[in-house]
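The structure appears below as structure tokens.
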Amino acid sequence: MTESNDLPEAPPVAREIFTGEALERARVFAELLAGPGVVRGLLGPREVPRIWDRHLLNCAVVEEAIAPDSTVVDIGSGAGLPGLVLAIVRPDVTVTLLEPLLRRTVFLSECAEALKLDNVEVLRGRAEEIAHKRLFDVATARAVAPLDRLLSWSMPLLREDGELLAMKGERAQEELEAARPHLQSYGVRHVELVTVGRGRVEPPATLVRVVAGRPPRADTRRRRKR
């Protein structure tokens with residue numbers, strides 16, 4: 001398998017984050033990312049030595065921000081980061097991996113089958129195509145699009161009081177400020193920066209947490225004025 005020899009062993013902290021059967025599933029997923037994931041172009045070869053710290057562990061700690069028994073949609077899931085990782089570490093949540101590209105959905109389906117995850121659904125499509133047709137408790141996204149664009153994709157997928165958890169790293173505050181003018185138009189109820197994984201991963205992961213409300217309806221306002 002291309003570059004798979006560079007895959008490191010699971011670090012000690014992985015045993016604390018991935019407990020029980022989750023650790024073995026995480027190991028298998030790491031091998032799938034380092035092998036077929038690289039061969040098919042879903043992950044760069046240079047990322048293989050960093051699969052555990054930069055990808056698996058970094059994504060796993062997002063579960064700290066997800067309530068029990070939530071339904072999660074992972075927008076632009078790609079190689080399954082963070083969606084598949086969350087399904088591994090949180091068997092109580094149901095995860096829909098939303099991805100428009102066929103080669104990626106094939107990989108995601110193969111991974112879900114290999115990992116024996118019965119809490120995963122792979123759905124080929126774009127967020128706009130299922131807007132208002134499917135509603136979720138949580139939407140996640142990692143390295144997909146700027147926050148203002150993520151708002152337009154995620155808010156129509158969330159129940160009232162549902163949450164977008166966007167992994168944004170060092171640019172989180174900058175993207176939040178750029179998106180502020182759009183918050184009201186999408187009916188956002190609350191927005192904040194959240195740090196997860198403190199004391200477990202270094203650096204901790206930074207999320208932009210956006211709570212969905214009811215978006216303003218311009219057509220209703222116009223009818224009332226008449």
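The values are calculated or read from the model by the stated rules, or taken from the named source; none is laboratory data. Since the model is a prediction, treat every value here as computed from it, not as a measurement. Please note: Cβ atoms are built from the backbone with ideal geometry, for glycine as well, and neighbour counts cover all protein chains shown. To get the accessible areas, we keep the full protein, side chains included, count just its heavy atoms, and leave off ligands, DNA and RNA. Shrake-Rupley method; radii C 1.70, N 1.55, O 1.52, S 1.80 Å.
Find the all-direction average of the projected area of the Cα convex hull for the range 23-123, expressing the result in square nanometres with one decimal place. If you can, show how the numbers build up before the last one.
On the way: hull surface 22.3 nm².
Orientation-averaged projected area of the Cα hull: 5.6 nm².
Work the Kirkwood hydrodynamic radius out for the range 1-56: mean of 1/r over every pair of different alpha-carbon atoms, inverted, in Å.
Numbers: mean 1/r = 0.0892 Å⁻¹.
Mean inverse Cα-Cα distance, inverted, gives 11.2 Å.
As a test of the formula, what do you get for the chain when each DSSP H run with n ≥ 4 contributes -39,500 (n - 2.57) and the sum is divided by the residue count, at 222 nm and rounded to the nearest 500 deg cm²/dmol?
Helices in the chain give a 222 nm mean residue ellipticity of -9000 deg cm²/dmol.
Name the residue farthest towards the positive end of the dipole of the chain from the options LEU33, ALA87, ALA166, assuming +1 on Cβ of Lys and Arg, -1 on Cβ of Asp and Glu, about the Cα centre.
Projecting each Cα onto the dipole axis, the largest value belongs to ALA166.
Calculate the spin-label point distance for LEU135 paired with ASP161, positioning each point 7 Å from the Cα along the beta-carbon direction, and give it in nanometres.
Rounded to a tenth, the inter-label distance reads 1.2 nm.
Arrange the residues ASP69, ASP92 by how much accessible surface each exposes, largest first, with a 1.4 angstrom probe.
On the way: ASP69 110, ASP92 55 Å².
Listed by decreasing accessible area, they come as ASP69, ASP92.
Considering the Cα positions of the range 102-226, please state its Rg to one decimal place and its Dmax as a whole number of Å.
In order Rg, Dmax, the Cα atoms of the range 102-226 give 16.9, 59 Å.
If the chain were replaced by its equivalent ellipsoid, with semi-axes equal to the square roots of 5 times the Cα gyration tensor eigenvalues, what would those be, largest first, whole Å? Let's see the in-between values first.
Details: eigenvalues 204, 67, 49 Å².
In descending order, the three semi-axes are 32, 18, 16 Å.
Cβ neighbours within 10 Å, averaged per peptide: list 97-105, 147-155, 121-129 in order, most packed at the top. Before the final figure, lay out the partial values.
Details: 97-105: 18.7, 147-155: 21.1, 121-129: 16.0.
By packing density, highest mean first, the sequence is 147-155, 97-105, 121-129.
What residues qualify as long-range amide H neighbours of VAL188, i.e. H under 5 Å apart, gap of 5 or more or another chain, H built at 1.01 Å from N?
HN-HN under 5 Å from VAL188: GLY213.
Whole Å is fine, so just give me how far the alpha carbon centre of the range 81-146 lies from that of the range 149-169.
With the range 81-146 and the range 149-169 each reduced to a Cα centre, they are spaced 14 Å.
Heavy atoms of the protein only, probe of 1.4 Å, neighbouring chains included. What is the accessible area of GLU174 in Å², nearest 10?
110 Å²
Long-range amide H contacts for ALA139: which residues qualify at under 5 Å (H placed 1.01 Å from N, peptide plane, sequence gap of 5 or more or a different chain)?
Result for ALA139 returns VAL73, GLU163, LEU164, LEU165.
How large is the accessible surface per residue of the range 49-171, computed with a 1.4 Å probe and reported in Å² as a whole number? Walk me through the intermediate numbers first.
On the way: 5040 Å² over 123 residues.
So the range 49-171 comes to 41 Å² accessible per residue, rounded to a whole number.
What are the ³J(HN,Hα) values, in whole Hz, obtained from phi via the Karplus relation 6.51 cos²θ - 1.76 cosθ + 1.60 with θ = phi - 60°, for each residue of the range 13-20 in sequence order, with x given for Gly and Pro?
Whole-Hz 3J(HN,Hα) from phi for the range 13-20: 5, 4, 6, 7, 8, 9, 9, x.
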